[in-house]
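Let me begin by presenting the structure, written as structure tokens, before commenting on it.
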Amino acid sequence: MEKPKEYRQSDLVRARARLEEGRASVVLCRGGVLTQKNGRGIRPLLELIESGQSFAGAAAADTIVGRAAALLFLHMGVGAVYGKVMSRSAFDELSAHGVAAVYETLTENILNREGTGSCPMEAAVCGVFLPQEAYERLRKRADELKRAQEGMQ
């Protein structure tokens, strides 16, 4: 994996400010240009990756950053990540790869939506250390959960 691209502090400030407006769940900013997505979980990050846009060197702001999201941000090549809530493992993963990690609240774990156990996306990347492998596993897991949800309706 290549070294993360340099980012501008002003991009991180802009991304965070847009996130705080509450109209997006994830915001990326590179060279003053904002890209944002709204949605639950890691789906917005997967959609940004699948858009084919390059986010190398961007600064990112996200509502919840667990290790799964951190690995996706590494896959995207961002230079900095702000998390309104960030898990310790996400902070450690980003920092170990030279990505600036900033948070409002640091937590030990990211829980599932019911608050009854670990987030399924966090479980999907347990033991995974390569961002590309994490992306492939998370894409597959997101598709499985979507199909299961559609089958229940």
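The values are calculated or read from the model by the stated rules, or taken from the named source; none is laboratory data. Remember, predicted model here, so these are calculated numbers, not experimental data. For neighbour counting, all protein chains shown are included, and Cβ atoms are generated from backbone atoms with ideal geometry for every residue, glycine included. In case anyone asks, the SASA skips ligands and DNA or RNA and just uses the protein heavy atoms, side chains included. Shrake-Rupley method; radii C 1.70, N 1.55, O 1.52, S 1.80 Å.
Below is a table of values for the structure above.
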{"item": "Accessible surface of residue 141 - all protein chains present, 1.4 Å probe, nearest 10 Å²", "result": "80"}
{"item": "Sequence-distant residues sharing a close amide H with residue 81 (under 5 Å, placed H)", "result": "60, 100, 101, 102"}
{"item": "3J(HN,Hα) from dihedral phi, region 77-83, Karplus parametrisation 6.51/-1.76/1.60, rounded to Hz, x for glycine, proline", "result": "x, 5, x, 7, 9, 9, x"}
{"item": "Residue with peak Gaussian network fluctuation, the chain [Cα springs, cutoff 10 Å], from 32, 115, 41", "result": "115"}
{"item": "Tensor-based shape of region 90-143 (alpha-carbon gyration tensor, a/c under 1.5 rounded, otherwise prolate or oblate)", "result": "oblate"}
{"item": "Cut-off under 5 Å, modelled amide H: who pairs with residue 111 long-range", "result": "119"}
{"item": "Cα-centred dipole magnitude for the chain, charges only on beta-carbon of K, R (+1) and D, E (-1), debye, nearest 20", "result": "300"}
{"item": "Point-charge dipole on Cβ atoms (K/R +1, D/E -1) for region 1-82, about Cα centre, debye to 20", "result": "80"}
{"item": "Given charges at beta-carbon only (K, R positive; D, E negative), |dipole| of region 86-134 in Debye", "result": "20"}
{"item": "Residue-wise HN-Hα coupling along region 34-39, computed from phi with Karplus coefficients 6.51, -1.76, 1.60 (Hz; x: Gly, Pro)", "result": "9, 10, 9, 9, 10, x"}
{"item": "Paramagnetic reach from residue 112 in region 22-55 [backbone N under 16 Å; point 7 Å along Cα→Cβ]", "result": "41-42"}
{"item": "Fraction of accessible area attributable to carbon and sulfur, region 1-150 (%, probe 1.4 Å)", "result": "49"}
{"item": "Region 1-51 versus region 73-152: alpha-carbon centroid distance in Å", "result": "15"}
{"item": "Accessible heavy-atom area order of 13, 99, highest first, probe of 1.4 Å", "result": "13, 99"}
{"item": "Candidate residues 88, 40: accessible-area rank, largest first, probe 1.4 Å", "result": "40, 88"}
{"item": "Protein-only accessible surface order, largest first, of 150, 93 at 1.4 Å", "result": "150, 93"}
{"item": "The chain, helix-only ellipticity at 222 nm - DSSP H runs n ≥ 4, -39,500 (n - 2.57), divided by all residues, nearest 500", "result": "-13000 deg cm²/dmol"}
